[in-house]
Every structure is written in C-alpha cells, then in structure tokens.
Amino acid sequence: MSTWLLGDRLVNRVGFGAMRLPQTGPAFEPGSPPRDRGQAITVLRKAIELGINHIDTAAFYFSSLRSANELINSALSPYPDDLVIATKVGPSRDPSGAWRPPAGPGDLRGQVEENLRQLGRDHLDLVYLRAEGPGDVTDRFAALSELRQAGLIRHLGVSAVGPDQLAQARAVAPVVAVQNSYSLGYRAQQDEFIRLCGEQGVAFVPFFSIAGANRETGGGTDARVRLAWTLARGPHVLVIPGTGDPAHLAENVAAGDVRLSEQELARLDALHRTGGA
C-alpha cells in the first residue's frame, strides 16, 4: 500500500473505520443488535496483520453492549509502535444512545480524557474536531490546541467542515487532516476542496467512501473500485472503510493495490459528476 505522512506519523493510505464494529446494523440506531465481541476483536487483529496502521474511532461509537474504543483497547493493546489511532470530539451521546447538544470549548477536555481512558493511552495520535454545522470553529479548535500543547494530543484535524472552517482552524494550530463524508457519485462539490487540501499538505480522509457499494454481487468488486477511485483523487487522500466481516476487510485492503486505467478513471469521474453509481 502507498503511504502518507500524518504530521510525523507515516500511515498506509488504506485504514480502518471502527464505526460499524459495535453493532451489526446501522450505527447510532438504538435497535441495532450488538456485534459478537469475538468477531469484532478478530477483525481488528486481522486488520493489523494485513498492514493497516491507521484506525479511526470515537467515544460515541457504541451500541447497547459494545464500545469501539474498548474493543480496540482489548484487541490491540499493547499497541504496535506504528499504529495511529484517530478519534473525534464535539458530538456525544448519553448512555441510552441519545445525542447530547454539541460540545462547547469547555467540554472538549472531558471528551479527550474519555477517549484516553477508553483506549488506555496517555495521549491521542490524532483528534478531529467535528464541526457539526457551518459556524466558526476557532474557539473550540483553540481549546484542542491547548490540549495538544499539554501533551494529551499529538496532531489535530477537523471533520464535517468546509474551506472557511479549515482556514479558521489552521490560523490557530497546524491541521494534518480533514475528515468529510464523500464517495463516488456523492458530494462532487467537494472536489475543489479536496484539491485545496492537497495543496496545503492536509490529508483528506473521507468516510462512507463505499456508500452504495453492493457487496452481494461481483464479490465486492464495486467496493474495491470505489475505494481505488477514491484513492486516485490524490496522494493525500486516505480511506477508512469499516466492516465487521473479515472477508470484506481483506477486500477493502486489496483496493490499495487496484490500479485504474485513465479510461476507467475518466468514465468513473463522469459518473461522479452526475451523481451516478
């Protein structure tokens, strides 16, 4: 797999998203059945065996019985030296799963410390501020910058943002990554923003990058092609597909070795611009 430097941490461009680990159904839905604990731990350990060294998680990734952070801690601690664990703060859920109001600057330290506790770490490799709307992120990002200066955070990123919010954050402290929802045929208006991130040396880490892929036909080919197309958007683009299925995990990792021809890319780009699937 090709690599990218997140600050001072070298990661493979195909990572792993932990959102799907705690449950077998849709995330954040109270009725989603908890995933088998042994299966989740097996998938995490298999991800490391396959060369993944970038895992994306959050304290609000949990089901009625499972927490993504706790699963990561149980499966992988003591952590490999090259493993980068990224998490997000801003949103939070109460124990019932209901969403709380978005966090203000004074709430973020508690969220960072909760991630530290759940993951069993003394610092977090990468923390994204999830903006949760179009407002100014300066005050909240400044609060995270203070925690970075205190040694609780190594690198900072922003999530669910636009170019203006990225500029606001970069005026406060270095930003190593942007994490937004994006995939083939979805949110093509972000293409220019992705190019801007590349010019600024900021990684773009889309989530839901295989949204709409049909794994029931073609042996997962659609998912691999979608991921390969996403990676072709630029050397700074990373992917973090999530799954609780070891076979799908292997397919996702294999996407890092797929090379699309110029003709194939042109055809997919045309579909992307028109919202095709």
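Of the residues that sit in the range 141-186 and are under 20 Å from the mean Cα position of the chain (by Cα) and among the charged types (D, E, K, R), which one is nearest to Val202 (Cα to Cα)?
Arg170
At pLDDT 95 or above and over 22 Å from Ala203 (Cβ atoms): which single residue out of Ala18, Ala68, Ala40 fits that description?
Ala40
What number of residues in the range 7-26 are surrounded by fewer than 17 Cβ atoms within 10 Å (Cβ to Cβ) and either in a strand (DSSP E or B) or in contact with a Leu (Cβ under 7 Å, 6 or more places away or on another chain) (or both)?
Total meeting the criteria: 1.
Could you pull out every one of the helices (runs of 4 or more DSSP H) wholly within the range 27-131 that has 3 or more residues that are touching a Lys or Arg at 6+ places or on another chain (Cβ under 8 Å) and touching a residue at least 24 places away in the same chain (Cβ under 8 Å)?
68-76
I need the full set of residues from the range 151-164 which are in contact with a helix residue (DSSP H, G or I) (Cβ under 9 Å, 6 or more places away or on another chain) and either touching a residue at least 40 places away in the same chain (Cβ under 8 Å) or over 18 Å from Asp56 (Cβ atoms) (or both), in order please.
Leu152, Ile153, Arg154, His155, Gly157, Gly162, Pro163
Out of Leu152, Leu129, Leu147, Leu156, report the one residue that is at pLDDT 95 or above, aliphatic (A, V, I, L, M) and over 24 Å from Asp81 (Cα atoms).
After ruling out the rest, the residue left standing is Leu129.
Within the range 116-128, can one find any residue that is buried (at least 16 other Cβ atoms within 10 Å of the Cβ), more than 25 Å from Val11 (Cα to Cα) and in contact with a helix residue (DSSP H, G or I) (Cβ under 9 Å, 6 or more places away or on another chain)?
no
Looking only at residues in the range 219-273 that are in contact (Cβ under 8 Å) with a residue 12 or more places away in the chain and among the β-branched types (Val, Ile, Thr), which one is surrounded by the fewest Cβ atoms within 10 Å (Cβ to Cβ)?
Val258
Do you know which of the residues in the range 71-117 that are of a type in the set (S, T, N, Q) and modelled with pLDDT of 95 or more is nearest to the chain's Cα centre (by Cα)?
Result: Thr87.
The conditions are (1) of a type outside the set (Ser, Thr, Tyr); (2) modelled with pLDDT under 95; (3) over 23 Å from Pro91 (Cα atoms); (4) in a loop (DSSP other than H, G, I, E, B), and Ala211 fails exactly one of them. Which is it?
(3)
Here's the yes/no breakdown for (1) buried (at least 22 other Cβ atoms within 10 Å of the Cβ); (2) within 19 Å of Leu10 (Cα to Cα); (3) out of contact with any strand residue (DSSP E or B) (no Cβ under 8 Å at 6 or more places or on another chain):
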position: Ser74; (1), (2), (3): no, no, yes
position: Trp99; (1), (2), (3): no, no, no
position: Asp136; (1), (2), (3): no, no, yes
position: Ala142; (1), (2), (3): no, no, yes
position: Ser145; (1), (2), (3): no, no, no
position: Gly151; (1), (2), (3): no, no, yes
position: Pro163; (1), (2), (3): no, no, yes
position: Val175; (1), (2), (3): yes, yes, no
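The values are calculated or read from the model by the stated rules, or taken from the named source; none is laboratory data. Please read all numbers here as calculations on a predicted model, not as lab measurements. All Cβ positions, even for glycine, are placed from backbone atoms using ideal geometry, and neighbour counts span all protein chains on display.
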